[in-house]
Every structure is written in C-alpha cells, then in structure tokens.
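Colleague: Once you've had a glance at the structure underneath, I'll fire off some questions.
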Amino acid sequence: RGAFLAVQQAWTDGDLERLRPLESRALWSTHRYWLERYARAGLRNVLEGVKVERVQPVRYELDPFYESVTVRIFAKMLDTTQAGDGRIVSGQPDVPRRFSEYWTFIAAIGTVPGEDVKECPACGAPMTIAEAGRCTHCDALVRAGRFDWVLSRIEQDEAYVG
C-alpha cells in the first residue's frame, strides 16, 4: 500500500528523485521517459484521491540471488491529464476510475525491508545514491548489487499472465 501510494504521488508530482529509490533501474527509466514526454508536450498526468481497496498476494519466486513477490492491487483514483494551464485534456475529473494492477517487487536474497544505508561508508556523507548506485558526494560504489525491495514491474490486469 505504501509503495503504491508513494509511486502515484511521485508520478503526479513528476518527481523522478522520489521514484528512484522505489523502482528498479529499468522501471525508473521507463517512468522517466514518460514523464519527460509529458513535460515536453506541456502536460501532466494527475492522480488524485488514490485509494487502495485491497492487496492480494499472487506469486512468490526465489532463485539463488533474488526473490520476488507479485501482488494484485485493487484501487480507485481520479486520473486526468492536464495542460500547463490546468485545463483537463483527458480523463474524467469527477469520476473515480476503478482498476487492478499486478505489481512485482524484487530484492536480493536476505534483504530486510527498510534496511538502508544512512551514511556513505567511504566518506561518511549523508547517503544520497545516484542512479548507478554510487555516492553523489565521493562517487564510491555503495549498493554493489544489494538493494532494498523495489518495484520492478507493473502489469495491467488484461496483460498479466502469472
């Protein structure tokens, strides 16, 4: 629920920095592409009144290095696309859209949710990790393949094959 709500808000705000720690590199790159396309067109996808109605676990996978959990999220929200002047160019501003999506989260084996590096082990600066997993202060490699649970895939109801 928390990740779903955080992603929706960061998407609405067009805030790539808030999306980065929540998503895998591949998904973040896809979201970056679409947010930049919206911005170039002078548009913004606005998601309001987001409510998670139910979360249903549907799949768990484990391999020697990673584990993944897929959940089906049932939600509703107002979903509009707005021009820079606030004019609605698509969507219905007064009618919540009900839907479900399949969200797959991945983590390295043994990752504890919320376990995170607070300071750079190389320079001691407050931790801000760049896209490549390096400290933004001293460029030391911090993540080295380990990461907290991140969202790796979002599939629409009609596309999910389990």
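Colleague: Applying the Karplus parametrisation 6.51 cos²θ - 1.76 cosθ + 1.60 with θ = phi - 60° to the phi angles of the stretch 15-21, what ³J(HN,Hα) value in whole Hz is obtained for each residue in order, glycine and proline being reported as x?
Modeller: Once θ is set to phi - 60°, the couplings for the stretch 15-21 become 9, 5, 5, 6, 6, 3, x Hz.
Colleague: Let me ask something else. Sequence-distant or interchain residues sharing an amide H contact under 5 Å with Glu23, placed H: which?
Modeller: Here the answer is Leu151, since their amide H atoms fall under 5 Å of that of Glu23.
Colleague: How many Å² of accessible area per residue for the stretch 43-87, probe 1.4 Å? Numbers along the way, then the final one.
Modeller: On the way: 2630 Å² over 45 residues.
Accessible area per residue, the stretch 43-87: 58 Å².
Colleague: Moving on. Put +1 on the Cβ of each Lys and Arg and -1 on the Cβ of each Asp and Glu in the stretch 1-123; which of Leu22, Pro93, Cys120 then has its Cα farthest toward the positive end of the dipole?
Modeller: Working it through, the farthest residue towards the positive pole turns out to be Pro93.
Colleague: Same structure again: Count charges around Phe4 for me, please; just the other residues with Cβ under 13 Å from its Cβ, Lys/Arg as +1, Asp/Glu as -1. Could you put the intermediate results ahead of the total?
Modeller: Working: positive: Arg1, Lys51, Arg54, Arg72, Lys76; negative: Glu23, Glu53, Glu101.
Taking every Cβ under 13 Å from that of Phe4, the sum is +2.
Colleague: On to the next question. Students often check this: by mean Cβ neighbours within 10 Å, which of 23-34, 90-101 ranks highest, and how do the rest follow?
Modeller: Details: 23-34: 15.2, 90-101: 12.2.
Ranking the peptides 23-34, 90-101 by packing returns 23-34, 90-101.
The values are calculated or read from the model by the stated rules, or taken from the named source; none is laboratory data. What you see is a predicted model; the values in this text were computed from it and never measured. Positions of Cβ are generated from backbone atoms using ideal geometry, with glycine treated the same way; all protein chains shown enter the neighbour counts. These accessible areas exclude ligands, DNA and RNA; they are computed on the full protein's heavy atoms, side chains included. Shrake-Rupley method; radii C 1.70, N 1.55, O 1.52, S 1.80 Å.
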